[in-house]
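Below: the structure, in structure tokens.
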Amino acid sequence: MQDSVFQILFLGENPSWSKLSAALTAASGAPLNVRRVDSLADLLRDLADGSWHAVVLDVNAWNFQGLHFVEKVRSEYPAFPILALYSPSVPDLDSKALICGASRCLTLDRLTADELHSAVVSCLAENKSQSQLLKASQMQLNLELPDASTFPASKNQIITHALNNLLCVINANADILADHLSNSGPGAHSLTEIKKASQSAAALIRHLK
């Protein structure tokens, strides 16, 4: 992965594009190919062809419409690397971008090609790790399901058993991921929401028994 030339799409205003271009020019050998698009529609159309590694979105753009861009791309591509460029002069803009679904936030004032490259590498590595955990979870769930002869008698018991297994797998893998993420990292909020949702589901199952 380190030797790959990452194909990246950029959507934002001219000042951000100028700083991004300057960072790339200063490190002409960086394995990054960034192409600018003119609109969110163009961005989504190009993403659909599947040949891109990440998107860079200027969240300051057009009176902070960039935050909406982050939300829209995340809704269409739940695991795709989204890098948010932001100005630290706007309070909490990076936090808002993470809440909207950004994978990483990079400051415009200190942007470098190395930083951009490292962010893409780490995002892709996290996605690969999460994909492997999901496959392992699915295998574990299949192994834990009893055969037909040992199923509980009623349909409700069968459903409850399957859901309990699923919640156990979710919680276990959330704990595994938590060990690899810092408390202030971009994935920490997502893990907290996953755990809260699984706890609520478990409480509902207990209530319905």
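What follows draws every value from the coordinates through simple rules; no lab data is involved. Everything quoted here is computed from the prediction, not taken from an experiment. As a convention, Cβ positions derive from the backbone with ideal geometry for all residues, glycine included, and neighbour counts pool all protein chains shown.
By definition, a body whose alpha carbon gyration tensor gives a ≥ b ≥ c is rounded when a/c is under 1.5, and the range 6-121 falls into this rounded group. Taking a ≥ b ≥ c as the square roots of the eigenvalues of the Cα gyration tensor, the range 1-62 is classed as oblate, since a/c reaches at least 1.5 and a/b does not exceed b/c. Cβ-to-Cβ counts within 10 Å put Ile194, Ile8 in ascending order as Ile194, Ile8, the fewest first.
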